[in-house]
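Just below is one structure, and these are the notes that go with it.
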Amino acid sequence: MAKLTKKQKEAASKIEKNKLYSLKDASALIKTVASAKFDESVDISVRLGVDPRKANQMVRGVVTLPHGTGKDVRVLALVTPDKEAEAKAAGADFVGLDDYLQKIKDGWTDVDVIITMPSVMGKLGPLGRILGPRGLMPNPKTGTVTMDVAKAVTEVKAGKIDFKVDKTGIVHAGIGRISFEADKITENAHEIIQTLIKLKPTAAKGTYIKSIHISSTMSPAIALDPKAV
């Protein structure tokens with residue numbers, strides 16, 4: 001087992017072992033345990049009582065964080081020429097179609113979100129093996145395949161994120177930066193937790209929210225009390 005550094009030991013000492021914190025207290029505590037010299041991201045991990053192998057227990061959705069993620073999201077809009085102007089006006093970082101499809105074929109994936117139109121999805125199909133593993137394949141369920149390209153770009157830039165339960169039953173998401181005020185971290189975390197609760201599959205039995213942890217890039221995780229969120 002790797003030895004903890006002095007800073008890691010100091011951070012761990014501030015977190016009470018086996019204690020479940022309220023969301024408000026955890027949001028304040030995470031700011032005191034973070035010690036990196038850069039603006040660490042704040043992440044949430046929620047373990048759900050579902051079996052992701054079963055289609056009727058898959059949990060996937062989108063949420064718009066009230067205070068954004070604190071990250072400059074790079075958006076590629078794969079659109080036809082008549083939609084290029086509105087995509088650019090909405091703030092898309094890259095706009096086009098065939099040129100970018102070729103770049104992706106050649107291995108370029110230097111974006112965070114791809115937004116496209118229903119008529120373009122046929123051209124994206126062959127790129128699934130490149131985009132799928134990176135979580136970049138547009139999907140109507142997450143609002144990234146739409147005719148209202150401008151709205152989709154604006155929402156993503158404002159803090160709209162999509163999430164999906166992984167094969168171990170955990171949802172991971174970035175909910176801000178350490179530089180955020182504690183209240184903003186609390187409100188962002190609360191928004192995604194409430195969204196997950198609304199998405200509870202009817203086939204899920206027993207305890208749905210099993211555990212919640214928040215952490216920053218370099219800090220230990222802080223356990224939350226699922227009943228106090």
Name the residues in segment 43-62 that are within 23 Å of residue 26 (Cβ to Cβ) and part of a loop (DSSP other than H, G, I, E, B), would you? 49, 59
Give the residue that is nearest to the chain's Cα centre (by Cα), with candidates limited to residues of segment 94-115 that are more than 16 Å from residue 73 (Cα to Cα) and open to solvent by less than 20 Å² (accessible area, probe 1.4 Å). 104
So which residues in segment 15-63 are open to solvent by less than 70 Å² (accessible area, probe 1.4 Å), under 13 Å from residue 163 (Cα atoms) and under 13 Å from the mean Cα position of the chain (by Cα), if there are any at all? 43, 44, 45, 46, 61, 62, 63
Among the numbered criteria (1) buried (at least 16 other Cβ atoms within 10 Å of the Cβ); (2) more than 25 Å from residue 55 (Cβ to Cβ); (3) in the same structural domain as residue 29 (by the TED database), which one does residue 155 miss? (3)
List the number of the failed condition for residue 214; all other conditions in (1) outside any strand (DSSP E or B); (2) buried (at least 22 other Cβ atoms within 10 Å of the Cβ) hold. (1)
Hey, any hits in segment 170-185 for a residue that's crowded, with 17+ Cβ neighbours inside 10 Å, aromatic (Phe, Trp, Tyr) and at pLDDT below 95? no
Which condition number in (1) assigned to a helix (DSSP H, G or I); (2) open to solvent by 10 Å² or more (accessible area, probe 1.4 Å) is the one that residue 72 fails? (1)
Checking residue 91 against (1) surrounded by fewer than 20 Cβ atoms within 10 Å (Cβ to Cβ); (2) over 23 Å from residue 139 (Cβ atoms); (3) touching a residue at least 40 places away in the same chain (Cβ under 8 Å), the condition it does not meet: (2)
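The values are calculated or read from the model by the stated rules, or taken from the named source; none is laboratory data. Note that this is a predicted model, so its numbers are computed, not measured. With ideal geometry, Cβ positions are generated from the backbone for all residues, glycine too; neighbour counts draw on all protein chains shown. Please note that ligands, DNA and RNA were not included when accessible areas were found on the heavy atoms of the full protein model with its side chains. Shrake-Rupley method; radii C 1.70, N 1.55, O 1.52, S 1.80 Å.
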